[in-house]
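As structure tokens, the structure follows; a few thoughts come after it.
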Protein chains: 2
Amino acid sequence: MKPDNAMSPKITVELLRQLRQAMRNSKYITEPIQAYIVPSGDAHQSEYIAPCDCRREFICGFNGSAGTAIVTEQHAAMWTDGRYFLQGSQQMDNNWTLMKMGLKETPTQEDWLISVLPENSKVGVDPWIIAADQWKNMSKALTSAGHSLVAVQENLIDVIWQDRPSRPSTKLITLGLKYTGLTWQEKIAALRTKMSERKIAWFVITALDEIAWLFNLRGADIEYNPVFFAYAIVGMNTIRLFIDVKRMADPAVREHLQLDAPSAVEMTVQTAPYESVYTELQAICAALGPKDKVWISDKASCALTEVIPKARRSPIPYTPLCLAKAVKNATEIQGMKMAHIKDAVALCELFAWLEKEIPKGTVTEISAADKAEELRSQQKDFVGLSFPTISSVGPNGAIIHYRPLPETNRTLSLNEVYLIDSGAQYTDGTTDVTRTMHFGTPSAFEKECFTYVLKGHIAVSAAIFPNGTKGHLLDSFARSALWESGLDYLHGTGHGVGCFLNVHEGPCGISYKTFADEPLEAGMIVSDEPGYYEDGSFGIRLENVVLVIPAKPKYNYRNKGSLTFEPITLVPIQAKMMNTDSLTQKERHWVNEYHRQCRETVGAELERQGRKEALDWLIRETQPIA
Amino acid sequence: MKPDNAMSPKITVELLRQLRQAMRNSKYITEPIQAYIVPSGDAHQSEYIAPCDCRREFICGFNGSAGTAIVTEQHAAMWTDGRYFLQGSQQMDNNWTLMKMGLKETPTQEDWLISVLPENSKVGVDPWIIAADQWKNMSKALTSAGHSLVAVQENLIDVIWQDRPSRPSTKLITLGLKYTGLTWQEKIAALRTKMSERKIAWFVITALDEIAWLFNLRGADIEYNPVFFAYAIVGMNTIRLFIDVKRMADPAVREHLQLDAPSAVEMTVQTAPYESVYTELQAICAALGPKDKVWISDKASCALTEVIPKARRSPIPYTPLCLAKAVKNATEIQGMKMAHIKDAVALCELFAWLEKEIPKGTVTEISAADKAEELRSQQKDFVGLSFPTISSVGPNGAIIHYRPLPETNRTLSLNEVYLIDSGAQYTDGTTDVTRTMHFGTPSAFEKECFTYVLKGHIAVSAAIFPNGTKGHLLDSFARSALWESGLDYLHGTGHGVGCFLNVHEGPCGISYKTFADEPLEAGMIVSDEPGYYEDGSFGIRLENVVLVIPAKPKYNYRNKGSLTFEPITLVPIQAKMMNTDSLTQKERHWVNEYHRQCRETVGAELERQGRKEALDWLIRETQPIA
């Protein structure tokens, strides 16, 4: 475990002093700024970031995946969402105010700035790590209150960060048709078709997972996410890849991208240094024809977006690659299913092992997480974890994105609920699964809450809905049983999952917050993960990855067609935690049918791999409930 | 029935010729325009409009409440939503293309314009009848495609409309504390508190129902909506009312507004002619202090919005009056409940009468609607209907916003489903109720669909949800049972309802479309009206008006509190149409509990009014289901 995951607060007095000095230093800025915004993203607006980009964590100590820090001359505040309220309060010292997003009394960043800043203030931000749409909203709000948002070219955190790590440049993996179903040339051709339909001359690709997906390449530049630092610009006859050019020395990569024997000019990949994207895009924009339009995601960096003259920009909430990547083809679906079966094998083994070991009092959150990783790593085509394992006992389970650390590490016991949310990257797919178990006798309240969460999980998983329905319209199904008893959970219900790519991806999802989500389509893969968290006591979450498939209900209104979900995750859900009496007949049927599938599919693989103990555990745990 | 409600298509060849001539006529425009947009609203963006404002209907024949017509040199197209697909196709001749909004293949107005217009086209619109936010979106889309949106000061429909009616100026009704719970002075004071909190110097009020609510005045300028044409501008020491000044001659109005003996300068209402709002707002804006901000709804007309310098404008999606009006006070809630009891009395009488008369074969859609109005008019404080009665038999029921006309009028029979959606204005409240009945033996499919709709209705009505939940998160509850069988309905589930005001009001609602709705709060009143429509066969809709009330579930997560709904409409739901076997125990309990309330509350009033036959009918129709 890395020291930067400490749950004790980081001491920030000196760093804040240095940052405030930099905010007035004419070496970096023409005029002093009264506030400096430190977003959590990198220049690609990645959710997970490389160590060299962990600037928000560096300045405040909070290392969750989402959060924005703002430092003024007098104040320092950090905004994060419900998943991280506890973690944030534990990792920041009292120079910082934790701003709990989603609570009524919490001001927005804009409102807070307006309330604390002196008149006519300048608020600075690095234009490379703020998205164009965020810049626009922030700038508008500040301007209307008499302040201004200014781009600070030199990153002020980097200025005070003595031992900042360098940008990673890991070995690239080339993926063949067996894994991707489509060659990168086919993907480029499909993209160009969409570009010409919309009369788009150039498409600037900034999202790392889109570039990895497009070129059928993977890297390991960012922990858990098999991506690599690059930009790409695609025109109708041009393909430019901006990347550390040393990586192009690898013969496998040269062969894959046909760098030495390009077949046709329009399929020739031209590589250039990563940093040259800015000047290259300037050159492209300078040579635009009178009607040429350029596509760029409105989530791309402000810096790169601004290079394109406004009239030429065709900003899009979701790029065509994002949409194409979300709808998995048959090869990708097959791969995702295989990956989840292997993953289930590892988890069945883990749970059988835990059952044996826990009574000895020797298993901790950390050792359980390590064991899970060890078991996964024995599976074919294992690459690494898809996110940090959340292995949490009792009260730690209520910290939604908890990571066990030496100083918080609890021992698994027969008395407390155990929640494990984990996943892996395999060459054929990405997994993400959460199970909540009790190895002794759960309390009535724990069972009651588990049952509500299960009802929510089933309500989403078994939902039938018309083609064209957006995922956010399903979110309340997951909450209904909890709501009825006055309970809720402060996170979304589901996110898109990549195929040997990021475990969180757009443009679909299931959340009360997401209104810009794209409609669910057959072939999309999302998670279904309602939960309940009792602060100081326990956490419950039940997560399957599910595939959107066509449904065939009795009628077909206006020939619209219907959709539903097929669970891809096949790990038993602990019957001991269920109040089976309060399940409806439909819900009981769903549980039994799901367990039958787990037994058949994962059972066969356990048998094949000769993992007898886990097979016995699986058979016992998948007995029908009454 | 008015001739302009005809269901046969309006012949528009000559009108389109004249309009296209006007689009090139330098008398009205400096340069020819290639397209002209005719929105359905008036200068106040009212949903229901006065005859003088029915410009879209005049040009295309379609008289539904929502729709936008666009005429180019070669094409004429009209966009409307799922409620009006059938009606639109019946009322427009083949010069017009019906654009079915919400279907995937239907282009947006912007996309369609871009696809049909020659390069560098000018698209004209009357800036008084397009909202500022609509203007902005349309203008942006057109500009990005090389066209431009231009404000045409002279309305080109008015130019070709020979016998256009004049703007109404009906007698005003003053409402005392007994009906409003708050004096207009108290409402002004509360508004000013909100203005000073947000440092707003002036508030320009353009919505007619907000003006009526603020001043505790009602009018009859627009059929079904007890409003009057006016604008108001409120400052911290000024109240300006722009209205036909002749209306201020009424002594009751003078007394109510204290025009003759004003108590304090800041509560003095200054009246000015309706048309002078433009120049008065110009004068106010010219005299703004350096920090003065002006509130105006972003749904206000483009014309009036543009008067306010952009830097001074503080556009708001929902005005503080809209929000204050939506949360009913105790007096208003009491009034709404009383109005619904009286309304239920009239409907019980109607249904008892129908049961007797239908077998004679003499009752038609029109005569049933007339009877309903007659019975309502016998109730205390009846003012008029709150919207045109939808009285529809069999296939006519599938036309979602059907109005019976002599040429479509069907006879009620024992063989077809009857749907009646109706409501009234009473001095104490506004009602809106839909019941679907069969007076003979319904088919299995009719009962099946009715049962799904009932399940949806109950799922919303009985839902418990946390404080702060927006109505759109409840929409899928209403559809779930239909979706499961592959069915759906193409309209929202609920709308806000005014108190002796518009039957449709913001800012809350229950719809898959509304993402800008405000969270539901205790005291808000909305409708709950899922439906199912089988084209050519029948329509089913079940609508109650419901009050948002606090709920007291078992737990209270993070002290957020919970809400639920209390039905205000108390009219039996026909048990004959239900497949009681497929109702859950909870659903059966809800039906029986609802019917018990109907019997007790409405029964007592029927008894008091000595309406014996209706009472007998009520008692029979509210027997518990098994």
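The values are calculated or read from the model by the stated rules, or taken from the named source; none is laboratory data. Because the structure is predicted, anything quoted here is derived from the model rather than measured. Virtual Cβ from ideal backbone geometry, glycine too; neighbours counted across all protein chains shown. Please note that ligands, DNA and RNA were not included when accessible areas were found on the heavy atoms of the full protein model with its side chains. Shrake-Rupley method; radii C 1.70, N 1.55, O 1.52, S 1.80 Å.
Computed quantities for the displayed model
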| quantity | calculated |
| --- | --- |
| Selection from region A:441-461 of residues that are within 11 Å of chain B (Cβ to nearest Cβ) and surrounded by 20 or more Cβ atoms within 10 Å (Cβ to Cβ) | A:449, A:452, A:459, A:460 |
| Matching residues, region B:552-587, being assigned to a helix (DSSP H, G or I), touching a residue at least 24 places away in the same chain (Cβ under 8 Å) and within 11 Å of chain A (Cβ to nearest Cβ) | B:557, B:586 |
| Given (1) more than 27 Å from residue B:580 (Cβ to Cβ); (2) away from chain A (no Cβ under 11 Å); (3) in contact with a Pro (Cβ under 7 Å, 6 or more places away or on another chain); (4) surrounded by fewer than 24 Cβ atoms within 10 Å (Cβ to Cβ), index of the condition residue B:500 fails | (4) |
| Residue A:478 vs. criteria more than 8 Å from every other protein chain (Cβ to nearest Cβ) and either within 30 Å of residue A:46 (Cβ to Cβ) or not in a strand (DSSP E or B) (or both) | yes |
| Spans of strands (runs of 3 or more DSSP E) in region A:1-91 with at least 1 residues among the small types (Gly, Ala, Ser) and free of Cβ contacts under 8 Å to residues at least 40 places away in the same chain | A:68-72, A:76-80 |
| Residue B:524, sole failed condition from (1) among the hydrophobic types (A, V, I, L, M, F, W, C); (2) under 25 Å from residue B:573 (Cα atoms); (3) open to solvent by 10 Å² or more (accessible area, probe 1.4 Å) | (3) |
| Number of the exception - residue A:184 against (1) touching a Ser or Thr at 6+ places or on another chain (Cβ under 9 Å); (2) under 22 Å from residue A:318 (Cα atoms) | (1) |
| Failed item, numbered, when residue B:549 is tested on (1) open to solvent by less than 20 Å² (accessible area, probe 1.4 Å); (2) part of a strand (DSSP E or B) | (1) |
| Residue in region A:483-496 that is open to solvent by 30 Å² or more (accessible area, probe 1.4 Å), facing chain B (nearest Cβ under 10 Å), small (Gly, Ala, Ser) and not in a strand (DSSP E or B) present | no |
| Count of region B:252-270 residues which are over 33 Å from the mean Cα position of the chain (by Cα) and part of a loop (DSSP other than H, G, I, E, B) | 5 |
| Set B:558, B:479: member being crowded, with 24+ Cβ neighbours inside 10 Å and in contact with a Leu (Cβ under 9 Å, 6 or more places away or on another chain) | B:479 |
| Boolean, residue A:554 is basic (Lys, Arg), out of contact with any strand residue (DSSP E or B) (no Cβ under 7 Å at 6 or more places or on another chain) and modelled with pLDDT of 95 or more | yes |
| Qualifying residue in region A:514-523 (condition: small (Gly, Ala, Ser) and modelled with pLDDT under 95) | yes |
| Subset of region A:580-606 (residues that are crowded, with 19+ Cβ neighbours inside 10 Å and within 25 Å of residue A:442 (Cα to Cα)) | A:587, A:590, A:591, A:594, A:595, A:598, A:599 |
| Output for region B:521-551, where each listed residue is facing chain A (nearest Cβ under 10 Å) and either over 30 Å from residue B:398 (Cβ atoms) or not aromatic (Phe, Trp, Tyr) (or both) | B:534, B:535, B:551 |
| Residue satisfying condition, being modelled with pLDDT of 95 or more, among the small types (Gly, Ala, Ser) and open to solvent by 40 Å² or more (accessible area, probe 1.4 Å), within set A:283, A:311, A:303 | A:283 |
| Breaking point among (1) within 14 Å of another protein chain (Cβ to nearest Cβ); (2) in contact with a helix residue (DSSP H, G or I) (Cβ under 6 Å, 6 or more places away or on another chain), for residue B:282 | (1) |
| Which listed residue is within 24 Å of residue B:559 (Cα to Cα) and either crowded, with 20+ Cβ neighbours inside 10 Å or within 14 Å of chain A (Cβ to nearest Cβ) (or both), from B:513, B:470 | B:470 |
| Any chance residue A:620 is more than 33 Å from the chain's Cα centre (by Cα), modelled with pLDDT of 95 or more and either surrounded by fewer than 15 Cβ atoms within 10 Å (Cβ to Cβ) or outside any helix (DSSP H, G or I) (or both) | yes |
| Residue within region B:183-191 that is farther than 21 Å from residue B:285 by Cα and among the hydroxyl-bearing types (Ser, Thr, Tyr) present | yes |
| Positions within region A:229-278 being β-branched (Val, Ile, Thr) and open to solvent by less than 30 Å² (accessible area, probe 1.4 Å), in sequence order | A:233, A:234, A:238, A:239, A:243, A:253, A:269, A:277 |
| The one condition in (1) among the small types (Gly, Ala, Ser); (2) within 23 Å of the chain's Cα centre (by Cα); (3) within 14 Å of chain B (Cβ to nearest Cβ) that residue A:144 fails to fulfil | (2) |
| Among the residues listed as A:410, A:376, the single one being touching a strand residue (DSSP E or B) at 6+ places or on another chain (Cβ under 8 Å) and surrounded by 22 or more Cβ atoms within 10 Å (Cβ to Cβ) | A:376 |
| Residue ID - surrounded by the fewest Cβ atoms within 10 Å (Cβ to Cβ), chosen from residues in region A:379-393 that are assigned to a loop (DSSP other than H, G, I, E, B) and hydroxyl-bearing (Ser, Thr, Tyr) | A:389 |
| All positions within region A:32-47 that are closer than 21 Å to residue A:388 by Cα and either touching an Asp or Glu at 6+ places or on another chain (Cβ under 6 Å) or among the aliphatic types (A, V, I, L, M) (or both) | A:42 |
| Which numbered condition residue A:96 misses (of (1) farther than 30 Å from residue A:242 by Cα; (2) modelled with pLDDT under 95) | (2) |
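Matching residues to (1) open to solvent by 40 Å² or more (accessible area, probe 1.4 Å); (2) at pLDDT below 95; (3) out of contact with any strand residue (DSSP E or B) (no Cβ under 9 Å at 6 or more places or on another chain):
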| position | (1), (2), (3) |
| --- | --- |
| A:169 | yes, no, no |
| A:174 | yes, no, no |
| A:177 | yes, no, yes |
| A:182 | yes, no, yes |
| A:186 | yes, no, yes |
| A:190 | yes, no, yes |
| A:198 | yes, yes, no |
| A:204 | no, no, no |
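Results for (1) touching a Ser or Thr at 6+ places or on another chain (Cβ under 9 Å); (2) open to solvent by 50 Å² or more (accessible area, probe 1.4 Å), shown as yes or no for each residue.
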residue	(1), (2)
B:11	no, yes
B:21	no, yes
B:30	no, yes
B:40	yes, no
B:50	no, no
B:64	yes, no
B:73	no, yes
B:78	yes, no
B:83	yes, no
